[in-house]
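**Q** The structure under discussion is supplied below as structure tokens; questions concerning it will follow.
Each reported figure results from applying straightforward, stated rules to the coordinates on display, with no laboratory input. It should be emphasised that the depicted structure is a prediction, and the values quoted were computed from it without experimental measurement. Here Cβ is always computed from backbone atoms with ideal geometry, including for glycine, and neighbour counts include all displayed protein chains.
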Amino acid sequence: MQIFSFLFDRHLEKTVLAAAIALSVFMLTRPEDSKISAVRSISSFLLYPVGRASDYFTSVEELSAENDWLRERVVSLSYENERLTQFRDERNRLRELLGFRKDSFYEFMPCDVIARSSSRFHHSITVDRGAGSGVRPGMPVVGYRGLAGRVTQVFPSSSRVLLLNNKSVSVSCLVKRSRVVGVLAWERGNRFSLGFVGKEEDVIPGDTLITSGFGRVFPKGFPIGTVVHSTEEKTELSRRVGIVCMTDLNKLEEVFIITGGRDWEGGQAWLELEKSRREGEAEQRNKDGEGGEQ
Amino acid sequence: MTYLLRIVFAALVVFILQITVVHNVTAAGASPDLIMVMLVVLVIDRNPIAGIIAGFLLGFLQDLGNASFLGMNALAKSIVGYGIARYGRDYLPDNILFKGLLVFVACLIHDIITLHIATLFDPAEVIPAFFRYSILSAAYTALLAVLVMQIIDILPRRMVRSGGRY
């Protein structure tokens, strides 16, 4: 105890110095190979992080070259990814179209949209099938989600389709759940209203609207839209019903013309209606002319 | 703890500079001892035990670069660290020139010890090497130490000091 007290209390500095000198001399007197192995193990321990970092960042030039290569890969893969995304979307659309077609009783003629009207209030598209393919005026046109419009003009290899979002287009509809009948009319964008719906009729938001088939202008049962609001008007006898069209009419790329089907002749009724309308107009003109001559 | 880590980091940086850069800045065959500069800066205002430990560890770090004389720099720097801490604080005026002189003397003592060990106590080799290289190297190191201490004095205290010391 006295020795410890002498060493660590009274002469601590000298004791530490002596220990350091003794340790140094001990290291100096070790055999050469023992020193080398000790230095090697200590150095590798101390410089391990540096070595790892050095292995990782082998050289600035190498990293720069790798960076350039990766940039090229990013550009290349971005384009490829974009192309594959388009393929995927097209595949999904076609799958839906195929499913739609299999479930239907109607005959569909697939068409690609090749032009779109630039007019703000006359929304129409031009498709790549015309009289040569058997297309006739009045044939209904559907997208993969529902009704889109009607063929109004036919050319040898293309046709013009008047879309639903026109003020001049009216479609007789049924509420699928409650079988309430109304007439669809365009308001703005993809929003429509259902007219001639009585105040007491059962129409609620979420109801699906389908074509009624009345007048045989459009085939019965094609989905058109979903009811988004249905409100009673206190001062009126009718109900205000807001509809959102199922088909995004501004983003049509592929459509189907309904050329025929079970118990339904595409466009025939419309043609007959058009014919009778024209005859009525001509008759009226004749009457007016006779009245003028008299 | 943060202070200790800073010292360890600084020691590693100085060691790497010593083994990579110093041989490129030799003057008339003499090169500065950066580790000695760091030792002086670290222990000049500390107690002798801290001086011995710092000297031993820094010397040992330097010895890792030359396995044949493992322990040589640890021994020399332990003694020098003790001397600087023991006499530098109590007997040296607070003047940068005296500190430079202290570094110069410490380098000479360090070289005397290392030269004796490296030449296996052969005076015929120690004396010429001492006069040829050691004095010049000591002057070079002292000059560098003065410069470093002046720069440290300019830096904010919190950045380089702990408890009023470097």
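**Q** Give the residue from A:ILE204, A:CYS173, A:PRO223 lying farthest towards the positive end of the charge dipole for chain A; charges sit on Cβ (+1 for Lys and Arg, -1 for Asp and Glu) and the dipole is referred to the Cα centre.
**A** A:ILE204
**Q** Assuming R0 = 60 Å, what is the FRET efficiency of A:TYR48 and A:VAL228, from their Cβ-Cβ distance, to the nearest 0.05? Don't skip to the answer; put the middle values down first.
**A** Details: r = 67 Å, r/R0 = 1.11.
So the FRET efficiency works out to roughly 0.35.
**Q** Using a cut-off of under 15 Å, list every residue of the range B:44-74 whose amide N is near the label point 7 Å from the Cα of B:LEU12 along the Cα-to-beta-carbon line.
**A** Counting backbone N atoms under 15 Å from the label point, the list is B:61-62.
**Q** Please compute the average number of Cβ atoms from other chains found within 10 Å of each residue's Cβ in peptide A:25-36.
**A** Details: counts 5, 2, 8, 9, 2, 3, 0, 3, 1, 2, 7, 3.
Averaged over the peptide's residues, the number is 4.
**Q** Which value, in debye to the nearest 20, describes the size of the charge dipole of the range A:2-55 about its Cα centre when Lys and Arg Cβ atoms bear +1, Asp and Glu Cβ atoms bear -1, and nothing else is charged? Display every interim value, and only then the final one.
**A** Numbers: 6 positive and 5 negative charges, 4 e Å.
For the range A:2-55, the charge dipole is close to 20 debye.
**Q** Turning to a different aspect of this structure: Provide the per-residue ³J(HN,Hα) series for the range B:134-144, in order, calculated from phi with Karplus coefficients 6.51, -1.76, 1.60 and θ = phi - 60°, each as a whole number of Hz, with x at glycine and proline positions.
**A** 5, 5, 5, 5, 5, 5, 4, 5, 4, 4, 5
**Q** Calculated FRET efficiency, A:SER37 and A:ASN81, Cβ-Cβ r, R0 60 Å, to nearest 0.05? Before the final figure, lay out the partial values.
**A** On the way: r = 55 Å, r/R0 = 0.91.
Taking R0 as 60 Å, the efficiency between A:SER37 and A:ASN81 is 0.65.
**Q** While we're on this one: Please identify the GluC sites (Glu not before Pro) of the range A:210-244 that satisfy two criteria: DSSP loop assignment and at most 12 other Cβ atoms within 10 Å. Which are they? Show your work: numbers first, answer last.
**A** Values: sites: A:GLU232, A:GLU233, A:GLU236; in loops: A:GLU233, A:GLU236.
Taking the range A:210-244 and a limit of 12 other Cβ atoms within 10 Å, the loop GluC sites (Glu not before Pro) found are A:GLU233, A:GLU236.
**Q** List the residues whose amide H sits under 5 Å from the amide H of A:GLY225, counting only those 5 or more places along or on another chain, with H placed 1.01 Å from N in the peptide plane.
**A** A:LEU209, A:MET246
**Q** Further question: For chain B, what is the calculated [θ] at 222 nm in deg cm²/dmol (nearest 500), taking -39500 (n - 2.57) for each run of four or more DSSP H residues and dividing by its residue count? Can you show the working numbers first?
**A** Working: 8 runs with 111 residues, N = 166.
The helix-only estimate for chain B comes to -21500 deg cm²/dmol at 222 nm.
**Q** Same structure again: For the range A:108-274, what is the Kirkwood estimate of the hydrodynamic radius, computed as the reciprocal of the mean inverse distance between distinct Cα atoms, to one decimal in Å?
**A** It works out to 16.1 Å.
**Q** Which helices, counted as full DSSP H runs in chain A, have an axial Cα extent of no less than 20 Å and a Kyte-Doolittle average of 1.6 or above?
**A** Numbers: long enough: A:12-28 (24 Å, 1.83); A:32-46 (21 Å, 0.15); A:60-103 (63 Å, -1.17); A:268-293 (37 Å, -2.00).
Taking the DSSP H segments of chain A (at least 20 Å long, mean hydropathy at least 1.6), we get A:12-28.
**Q** Using a Förster distance of 51 angstrom, determine the FRET efficiency expected from the C-beta separation of B:ALA30 and B:THR2, and round it to 0.05.
**A** Working: r = 36 Å, r/R0 = 0.71.
Taking R0 as 51 Å, the efficiency between B:ALA30 and B:THR2 is 0.90.
**Q** Averaged over its residues, how many other protein chain Cβ atoms are within 10 Å of peptide A:9-20's Cβ atoms?
**A** The per-residue average across the peptide is 5.
**Q** While we're looking at this one, here's another question. When averaged across all projection directions, what area in nm² does the alpha-carbon convex hull of the protein assembly as shown cover?
**A** Values: hull surface 201.0 nm².
Over every viewing direction, the Cα hull of the protein assembly as shown projects on average to 50.2 nm².
**Q** Here's a follow-up. For A:LYS287, list the aspartates and glutamates whose Cα falls under 19 Å from its own Cα; do not include residues on the same chain fewer than 8 positions away.
**A** A:LYS287 reaches A:GLU279.
**Q** Helix B:96-118 versus the longest principal axis of chain B: what is the Cα-based angle in degrees, 0 to 90, to the nearest 10?
**A** 40
**Q** Next question. Take each of the peptides A:276-284, B:140-148, average the number of other beta-carbon atoms within 10 Å over its residues, and list them starting from the highest. List each step's numbers first, then the result.
**A** Details: A:276-284: 10.0, B:140-148: 20.3.
Answer by packing, highest mean first, reads B:140-148, A:276-284.
**Q** Please get the size of the charge dipole for chain B, origin at its Cα centre, with Cβ charges of +1 on Lys and Arg and -1 on Asp and Glu, quoted in debye to the nearest 20. It would help to have the intermediate numbers written out before the result.
**A** Numbers: 11 positive and 9 negative charges, 126 e Å.
Using only the charged Cβ atoms, the result is roughly 600 debye.
**Q** Magnitude of the Cβ-charge dipole of the protein assembly as shown, K/R +1 and D/E -1, about the Cα centre, nearest 20 debye?
**A** On the way: 52 positive and 49 negative charges, 176 e Å.
About 840 debye.
**Q** Rg and Dmax of chain B, Cα atoms, in Å?
**A** For chain B, the Cα radius of gyration and maximum Cα-Cα distance read 15.2, 49 Å.
**Q** How compact is the range A:2-55 by the rule of thumb for globular proteins, expressed as Cα Rg over 2.2 N^0.38 Å?
**A** Values: Rg = 17.4 Å, N = 54, 2.2 N^0.38 = 10.0 Å.
It is 1.74.
**Q** Taking every residue in B:57-68, how many Cβ atoms of other protein chains lie within 10 Å of its Cβ, on average?
**A** Working: counts 1, 0, 2, 6, 3, 0, 6, 7, 2, 2, 12, 5.
Partner-chain Cβ atoms within 10 Å, mean over residues of B:57-68: 4.
**Q** Same structure again: Search the structure for amide H atoms under 5 Å from the amide H of A:GLY138, placed 1.01 Å from N in the peptide plane, and list their residues when 5 or more places away or on another chain.
**A** A:VAL151, A:THR152
**Q** Mind sorting B:LYS77, B:LYS99, A:LYS275 by how few other Cβ atoms lie within 10 Å of their own Cβ, fewest first? Intermediate values should be presented prior to the final figure.
**A** Details: B:LYS77 34, B:LYS99 22, A:LYS275 10.
Ascending Cβ contact count within 10 Å gives the list A:LYS275, B:LYS99, B:LYS77.
**Q** Just rank A:LYS35, A:LYS199, fewest to most, by other beta-carbon atoms within 10 angstrom.
**A** On the way: A:LYS35 20, A:LYS199 12.
Placing the least packed residue first, the sequence is A:LYS199, A:LYS35.
**Q** Something else about it: Beta carbons within 10 angstrom, averaged per residue: use that to sort the peptides A:78-85, A:125-132, B:60-67, A:218-225, highest first. Mind dumping the intermediate values first?
**A** Details: A:78-85: 10.1, A:125-132: 18.1, B:60-67: 20.0, A:218-225: 21.8.
Ranking, from highest mean packing down: A:218-225, B:60-67, A:125-132, A:78-85.
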